[in-house]
Amino acid sequence: MSKHLTYGVQVIGLTRGQDTRFHHTEKLDKGEVIIAQFTDHTSAVKIRGKAEVMTKHGKIESGS
């Protein structure tokens, strides 16, 4: 789960397989939250901008 701390944070889904590509992009505003789920097609999520990312392993802040 990710909570965006500034306007215009981008969340980008990346594909699985030998050729990793972008397959989905969301642009979120300050205070908006996105919940990401990994699927057969999504292997990673990239966050651009200042956001608070919460996982079962703890909390991380992206961007500075």
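Could you list, in sequence order, the residues of segment 1-22 that are among the small types (Gly, Ala, Ser) and under 18 Å from Asp40 (Cα atoms)?
Residues satisfying the conditions are Gly13, Gly17.
Within segment 1-10, work out how many residues are open to solvent by less than 40 Å² (accessible area, probe 1.4 Å) and modelled with pLDDT of 80 or more.
2
Suppose we keep only residues that are open to solvent by less than 50 Å² (accessible area, probe 1.4 Å) and hydrophobic (A, V, I, L, M, F, W, C) within segment 18-46. Which one would you say is nearest to Gly63 (Cα to Cα)?
Leu28
So Thr15 passes all but one of these: (1) of a type in the set (Ser, Thr, Tyr); (2) surrounded by 14 or more Cβ atoms within 10 Å (Cβ to Cβ); (3) out of contact with any Lys or Arg (no Cβ under 7 Å at 6 or more places or on another chain). Which condition number does it fail?
Result: Thr15 passes all but (3).
The values are calculated or read from the model by the stated rules, or taken from the named source; none is laboratory data. The structure presented is a predicted model; accordingly, all values stated were derived computationally and were not measured. Don't worry about glycine lacking a Cβ; one is built from the backbone with ideal geometry, like all the others, and counts go over all protein chains shown. Note: areas computed on protein heavy atoms with side chains; ligands, DNA, RNA excluded. Shrake-Rupley method; radii C 1.70, N 1.55, O 1.52, S 1.80 Å.
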